[in-house]
Amino acid sequence: MRISIETYGCAMNKADSEIIAGLLEEKGFLNSCPDDADILIVNTCIVKTPTERKILKRLNELKSSKKKVIVSGCLPAAMPWIIDDFPTFSFIGINVFDVVDAVEETINDGRLVKIRTNEKEKVCAPKVRINPVVEIIPIAEGCLGNCSYCQIKMARGKLRSYPIDSILKQVKRALTHGIREIWITTQDTCAYGMDSGTNLAELLGKITRVDGDFRIRVGMMNPKHAINLLDELIGVYKDEKIYKFLHIPVQSGDDQVLRDMNRGYGVDDFKTVVRKFREEFDVTLATDVIVGFPTEDIRAFNRTVDLINEIKPDIVNISRFWARPGTKASKLKPLHGRTTKERSRKMNEVFRKIGMDRNKKWIGWTGKVLISDTKRDFCGRNLAYKPIILKSGGDLLGEFVDVEITDATYYDLRGRIN
């Protein structure tokens, strides 16, 4: 039986797809390309309306082709009415351990629908890695937040942190398989342990003490929780195994909009975290911005532009506001689409200039780079997790090489191997 997996969304979804593939491989099912697959598993995302539309379009195409389909990921639990729209499909949501049962039902022209969230620990599950040198480790599932615009909690539930011992076991196992880069991921890494009496800094400290030559990328953290752990985080970030990469979403530069979003922090909290990190490290700063939130007037938007110009992040993930079903913000009167589109365009212009200026400063830098991807030429990451595009005739995946930066775009760096 040939099975293919299509994955949409974040690192957590990629981790789920790796587990799904591992569970199926244990049972003897074969990975396949979509065109040849007997069953297609679509691992879905619900963060943004454009992504949701893309997924629904894909599901309707598969429905018309009478393909056997299993739908996993966040969409089924957050939008359970789609179960009736696709009466021949199986639905498992984020319950990856039910995928074998779903496949067996589907093979026999049956249907499995099980979208209620279970609490089985994912961290040490079987997996087939998307990238042979990158280990994606989910350290928790669920969320402590109640953002007024977000559906993730509907799909992933409340925070459930995984034990440090289990995470360390998976780190050590991955290193025996040749892993060089470890992604620490969940919905909010800085919320880790708040339900179990530990915290992210303690976890990272223990991971860095594991023997091996590897690097750690820490995933997104909410300013609300990061500011309460700031000194401990900076202390552990000093370890050379941790990339000097900070993904901390601000979403808006206006305090009233942040309150309307129910984010739980203010602009000054965000700025404090950024300032403290930059005092210690040449950190690559990534942030997220939502433009066109229903209560964002032009003054609030301009405050966000001013904040981005002041902070000068290396990466800005810009999203137009989309009303997500079942959220509090979906009840607010939306701004006109022309307004949100124009604000998105302006924010992109602001970021591209900043991104270019930030990356130009790296030209002439020399140092060690880990080659962690080969999707386009070779992509390496330096100590600050900057993407560096390199050309080479050899197979360097997973190797540390000495590099000189020769050029830059607003998005990445270009270099040569010394």
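Number of residues in the range 259-281 that are over 17 Å from A300 (Cβ atoms) and not in a helix (DSSP H, G or I): the value is 2. Scanning the range 202-240 for residues that are surrounded by fewer than 20 Cβ atoms within 10 Å (Cβ to Cβ), more than 27 Å from V401 (Cβ to Cβ) and not β-branched (V, I, T) turns up E202, G205, K206, K224, N228, L230, D231, E232, G235.
Just to verify a result, which residue in the range 93-120, among those that are surrounded by 16 or more Cβ atoms within 10 Å (Cβ to Cβ) and of a type in the set (D, E), is farthest from T186 (Cα to Cα)? Step by step, filter the range 93-120, then rank; the result is E105.
Looking for whichever is farther than 24 Å from G380 by Cα, free of Cβ contacts under 8 Å to residues at least 24 places away in the same chain and not aromatic (F, W, Y) here; the options are G205, G197, G193. Which one fits?
That would be G197, the only listed residue that is farther than 24 Å from G380 by Cα, free of Cβ contacts under 8 Å to residues at least 24 places away in the same chain and not aromatic (F, W, Y).
Could you please let me know if R352 is touching a strand residue (DSSP E or B) at 6+ places or on another chain (Cβ under 6 Å), assigned by TED's automatic domain parsing to the domain that holds N302 and part of a helix (DSSP H, G or I)? Here the answer is no, as R352 does not meet what is asked. Taking each residue of the range 256-270 that is aromatic (F, W, Y) and looking for partners that are surrounded by fewer than 17 Cβ atoms within 10 Å (Cβ to Cβ) with beta-carbon atoms closer than 9 Å, six or more apart or interchain, yields nothing. Among the criteria (1) touching a Gly at 6+ places or on another chain (Cβ under 9 Å); (2) among the small types (G, A, S); (3) in a helix (DSSP H, G or I), the one A329 does not fulfil is (1). Residues being in contact (Cβ under 8 Å) with a residue 12 or more places away in the chain, among the basic types (K, R), surrounded by fewer than 18 Cβ atoms within 10 Å (Cβ to Cβ) and within 25 Å of L370 (Cα to Cα) are represented in the range 170-177 by at least one member.
Need at least 1 residues that are touching a residue at least 40 places away in the same chain (Cβ under 8 Å) per element, so show me which strands (runs of 3 or more DSSP E) inside the range 374-418 make the cut, counting only ones lying wholly within it.
Ranges flagged: 378-381, 400-408, 413-417.
When the range 128-141 is filtered for residues that are crowded, with 22+ Cβ neighbours inside 10 Å and not in a strand (DSSP E or B), only I139 remains.
Residues checked against (1) under 25 Å from K120 (Cβ atoms); (2) small (G, A, S); (3) in contact (Cβ under 8 Å) with a residue 12 or more places away in the chain:
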residue: M1; (1), (2), (3): yes, no, yes
residue: E25; (1), (2), (3): yes, no, yes
residue: N31; (1), (2), (3): yes, no, yes
residue: V42; (1), (2), (3): yes, no, yes
residue: K54; (1), (2), (3): no, no, yes
residue: K67; (1), (2), (3): no, no, yes
residue: S72; (1), (2), (3): yes, yes, yes
residue: D98; (1), (2), (3): yes, no, yes
residue: V103; (1), (2), (3): yes, no, yes
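Looking only at the range 252-273, residues that are touching a helix residue (DSSP H, G or I) at 6+ places or on another chain (Cβ under 6 Å) and crowded, with 23+ Cβ neighbours inside 10 Å come to 5 in all. For the range 191-216, filtering for residues that are over 16 Å from I137 (Cβ atoms) and either outside any loop (DSSP other than H, G, I, E, B) or in contact with a strand residue (DSSP E or B) (Cβ under 8 Å, 6 or more places away or on another chain) (or both) leaves 5. Restricting S148, S166 to residues that are surrounded by fewer than 23 Cβ atoms within 10 Å (Cβ to Cβ), assigned to a loop (DSSP other than H, G, I, E, B), touching an Asp or Glu at 6+ places or on another chain (Cβ under 8 Å) and at pLDDT 95 or above narrows the list to S148. Taken over the range 5-55, the criterion of being modelled with pLDDT under 95 and small (G, A, S) is satisfied by G9, A11, G28, S32, A37.
Does the range 178-188 include one or more residues that are over 14 Å from E18 (Cβ atoms), under 18 Å from the mean Cα position of the chain (by Cα), of a type outside the set (K, R) and in a helix (DSSP H, G or I)? No, the range 178-188 contains no residue that is over 14 Å from E18 (Cβ atoms), under 18 Å from the mean Cα position of the chain (by Cα), of a type outside the set (K, R) and in a helix (DSSP H, G or I).
The values are calculated or read from the model by the stated rules, or taken from the named source; none is laboratory data. The structure displayed is predicted, hence computed values, not measured ones. Reconstructed Cβ throughout: ideal geometry from the backbone, glycine too, with neighbour counts over all protein chains shown.
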